[in-house]
Amino acid sequence: MKQNKLYIRDLLGKTGNIDLQIRLVSGEKGLNREITGSEMNRPGLALAGFYDFFAFDRIQIFGLGETAYLAQISEEKKREIYEQFFSYNLLCCVFTHGEEPDERFISIAGEKGVPVMVTRHKTTKFITLLTHIIEEIFSPTVSLHGTLVEVYGIGVLLIGKSGVGKSECALELVERNHRLVADDIVEVKKIDESILMGSGSEIIRHHLEIRGLGIINVKDLYGIGAVRKRKRIELVVLLEEWDSSKYYDRLGIDEKRHTILDIDIPFVTVPVRPGRNIPIIIESAALNQRLKKMGVHSAQELDARIQDWMKSQERSDD
Amino acid sequence: MTERKITITSDAGIHARPAMMLVKEAMKYPCEIFLIKEHVEANGKSIMSVLALAITKGSSLIIRAAGEKEQEAVNSLVGLIQKEF
């Protein structure tokens, strides 16, 4: 498992598709400090003089309340407050609503090397966005060997030994108007307690290696509609060479699970043999998974129908 | 399981062609082979996997093999990297 790191300077740069609308006003020296958690602190109580349980090592959020409080106190009092406030090893301060901190605040922060930033967002909105960014970075990640495709809206992770035909299967699925997310290396992120998000490695994104052809660029060949950047994994399909001594599921009544990062994902094993059309089986598996999600379980329903029918037969025998 | 740690000295790093040579060599062995760079594991028998590691000059790389003929696999891969790139 990889451990990602987040530094304050990262907040000022690219933060994915979320725009924090943030800029630095002071404390450039401290930009390389590391953010270690997603918790934030409103320093209102500390500014008013109550320093018990002061969480100085978190991001300090100055909302309208804090700015208004600081605006109405005398310069003398302010000096005292700032002296005490900055005696802690603060991580960084963010002013919301586009409110600028006063000169004194900026100069002390500059001296101490505490980054001070201003965002145009409202406080609650900013906290929500920042939490989202931080949690995404800190969420557990694992990279797996496999191919991730989107089939009928279901994220299907194909796993299996090298050379079993995962990439060929993905190519055929793309040809049938499904989408490629990642080939070979799938970076899986646990976004939530039940959600696994899969994406490809940045460098080789949307390329497929097909034995005999070499590397092809799926986005260039099939267009932007044939690929996507990330997708939730909802089904895991293990492709393996047909082993005649092994028993393969014939009913599909019991649901099997595959565990990735402590999350159980529905799992099927599909044996591969020449002449067997694997992509169409994957399509059916994905459709069946969608049906199950909507509460319809084909195998169980057939079983229930057979049992009903048998019961009615018994009655007519009496 | 056998492991060896090496540092890449070639200026060009392991780009497409060297990666292909590496994978070709790895394919000769029945064991599982992994290349590990900064905690990221790549399947040594998959070209895309090796390319995605973006192994540059100065990268330190762990070559790990597990299974049949693991010792020979690691030795030959390390030999190849030291000789060719």
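Would you check which residues across the range A:194-216 are surrounded by fewer than 18 Cβ atoms within 10 Å (Cβ to Cβ), of a type outside the set (A, V, I, L, M) and either touching a residue at least 12 places away in the same chain (Cβ under 8 Å) or at the interface with another protein chain (Cβ under 9 Å from one of its Cβ atoms) (or both) and list them?
Selection gives A:S194, A:E202, A:R211, A:G214.
Identify, by number, the condition in (1) crowded, with 22+ Cβ neighbours inside 10 Å; (2) under 9 Å from the mean Cα position of the chain (by Cα); (3) in a helix (DSSP H, G or I) that B:S49 doesn't meet.
(2)
Taking into account only those residues within the range A:83-106 that are more than 23 Å from A:T36 (Cβ to Cβ) and under 39 Å from the mean Cα position of the chain (by Cα), which is surrounded by the most Cβ atoms within 10 Å (Cβ to Cβ)?
A:F105
For residues that are away from every other protein chain (no Cβ under 12 Å) and in contact with a Ser or Thr (Cβ under 9 Å, 6 or more places away or on another chain), scanning just the range B:15-28, find the one that is nearest to A:G163 (Cα to Cα).
B:K28
Can you pull out every residue in the range A:225-250 that is farther than 14 Å from A:G200 by Cα and hydrophobic (A, V, I, L, M, F, W, C)?
Selection gives A:A226, A:L235, A:V236, A:V237, A:L238, A:L239, A:W242.
Just give me the residues in the range B:2-27 being small (G, A, S) and either in contact with a Leu (Cβ under 8 Å, 6 or more places away or on another chain) or modelled with pLDDT of 90 or more (or both), in sequence order.
B:A16, B:A19, B:A26
Which of the following residues is of a type in the set (D, E) and over 21 Å from A:G16 (Cα atoms): A:E34, A:E111, A:E136, A:E39?
A:E111
For the range A:255-307, what are the residues that are among the aliphatic types (A, V, I, L, M) and more than 15 Å from A:V236 (Cα to Cα)?
Scanning the range A:255-307 gives A:V272, A:I280, A:L291, A:M294, A:V296, A:A299, A:L302, A:A304, A:I306.
Considering only the range A:11-32, state which residues are in contact (Cβ under 8 Å) with a residue 40 or more places away in the chain, of a type outside the set (V, I, T) and within 19 Å of A:I127 (Cα to Cα).
Within the range A:11-32, A:L11, A:L12, A:G16, A:L20, A:Q21, A:R23, A:L24 meet the criteria.
I'd like to know if the range B:19-41 contains one or more residues that are loosely packed, with under 13 Cβ neighbours inside 10 Å, more than 22 Å from A:I210 (Cα to Cα), touching a residue at least 24 places away in the same chain (Cβ under 8 Å) and not small (G, A, S).
no
Taking the range B:34-46 on its own, how many of its residues are in a strand (DSSP E or B) and either more than 10 Å from every other protein chain (Cβ to nearest Cβ) or of a type in the set (K, R) (or both)?
3
Inside the range A:107-188, counting only strands (runs of 3 or more DSSP E) that do not spill past its ends, which hold 1 or more residues that are within 17 Å of the chain's Cα centre (by Cα), more than 14 Å from every other protein chain (Cβ to nearest Cβ) and surrounded by fewer than 16 Cβ atoms within 10 Å (Cβ to Cβ)?
Per the criteria, no element qualifies.
Name the residues in the range B:41-85 that are touching a strand residue (DSSP E or B) at 6+ places or on another chain (Cβ under 6 Å) and modelled with pLDDT under 85, would you?
B:E41
Taking the condition of being within 10 Å of another protein chain (Cβ to nearest Cβ) and either surrounded by fewer than 22 Cβ atoms within 10 Å (Cβ to Cβ) or without any contact (Cβ under 8 Å) to a residue 12 or more places away in the chain (or both), how many residues in the range B:52-66 meet it?
Qualifying residue count, the range B:52-66: 2.
Report, ordered by the first and then the second residue, all pairs with beta carbons closer than 6 Å, sequence separation of six or more or different chains, a first member in the range B:1-16 that is more than 15 Å from B:L53 (Cα to Cα), and a second member that is in a loop (DSSP other than H, G, I, E, B).
Every condition considered, the pairs that remain are B:S10/B:F85; B:D11/B:K57.
Test B:A12 against the criterion of being assigned to a strand (DSSP E or B) and of a type in the set (A, V, I, L, M), and give yes or no.
So B:A12 does not fit the description; no.
The values are calculated or read from the model by the stated rules, or taken from the named source; none is laboratory data. All values reported here derive from a predicted model rather than from experimental measurement. Don't worry about glycine lacking a Cβ; one is built from the backbone with ideal geometry, like all the others, and counts go over all protein chains shown.
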